[in-house]
Amino acid sequence: MKHDQRHGGPYDRGSADAYYRRDFTPHYYTGDTGSSTRVKIKESDPEYAAYLAGWNEQHAAGEYKDWG
C-alpha cells in the first residue's frame, strides 16, 4: 500500500521515530513537524497503518541515526 509521505504525516513520523530509535508512539502533525498540532493515533484510527508502515519499513532498512 502506498502511504502519503508528507513531512509530519503518520508515515513520516513512524519512519523518523524508528530512525532515531524513539519509542513506538503513533502520532502525526496536522502541518509541519513541530510547528503544528500533534495528533495522537489510536490503533483503531486509519492513520495507524501509515505510522506502522513507516516504522516497519525503516527498521527493515536497518538504517539508524549514528549518535557516535
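Give a quick list of trypsin sites (Lys or Arg not before Pro) in segment 16-58 that DSSP marks as loop, anything other than H, G, I, E or B, with at most 16 other Cβ atoms within 10 Å.
ARG21, ARG22, LYS42
Scan around HIS27 for amide H atoms under 5 Å from its own, H built in the peptide plane at 1.01 Å from N, and keep only partners 5 or more places away or cross-chain.
ILE41
Using only alpha carbon pairs under 8 Å that are at least six residues apart, calculate the relative contact order of the chain and give it in whole percent.
Rounded, it is 38 percent for the chain.
Per residue, what accessible area does the chain have, given a 1.4 Å probe and all protein chains present, in Å²?
On a per-residue basis, the chain sits at 67 Å².
For segment 52-68, just list the computed ³J(HN,Hα) in residue order, Karplus coefficients 6.51, -1.76 and 1.60, θ = phi - 60°, integers in Hz, with x standing in for Gly and Pro.
For segment 52-68, the Karplus curve yields 4, 4, x, 4, 5, 5, 5, 5, 5, 5, x, 9, 9, 4, 8, 7, x Hz.
Can you tally the net charge around TYR11? Count Lys and Arg as +1, Asp and Glu as -1, for every other residue whose Cβ sits under 12 Å from the Cβ of TYR11.
So the environment of TYR11 carries a net charge of -2.
Rounded to two decimals, what is Rg over Rh for the chain when you use alpha-carbon atoms and the Kirkwood radius?
0.96
When ranked by the protection proxy of mean other Cβ atoms within 10 Å per residue, highest first, what sequence do the peptides 50-61, 25-36 form?
Per-residue mean Cβ counts within 10 Å order the peptides as 50-61, 25-36.
Calculate the length of the line joining the C-alpha centroid of segment 38-65 to that of segment 1-36, in whole Å.
If you average the Cα positions of each part, the centres end up 7 Å apart.
On a 0 to 90 degree scale, rounded to 10, what angle separates helix 10-19 from the longest Cα axis of the chain?
For helix 10-19, the angle is close to 20 degrees.
Near the amide H of THR33, under 5 Å away, which other amide H atoms are found, from residues 5 or more places off or on another chain, if H is placed in the peptide plane?
Hits under the 5 Å cutoff: GLY8.
The values are calculated or read from the model by the stated rules, or taken from the named source; none is laboratory data. These numbers come from a predicted model, not from an experiment. A quick note on method: Cβ atoms are made from the backbone with ideal geometry, for glycine too, and the neighbour counts reach across all protein chains shown. In case anyone asks, the SASA skips ligands and DNA or RNA and just uses the protein heavy atoms, side chains included. Shrake-Rupley method; radii C 1.70, N 1.55, O 1.52, S 1.80 Å.
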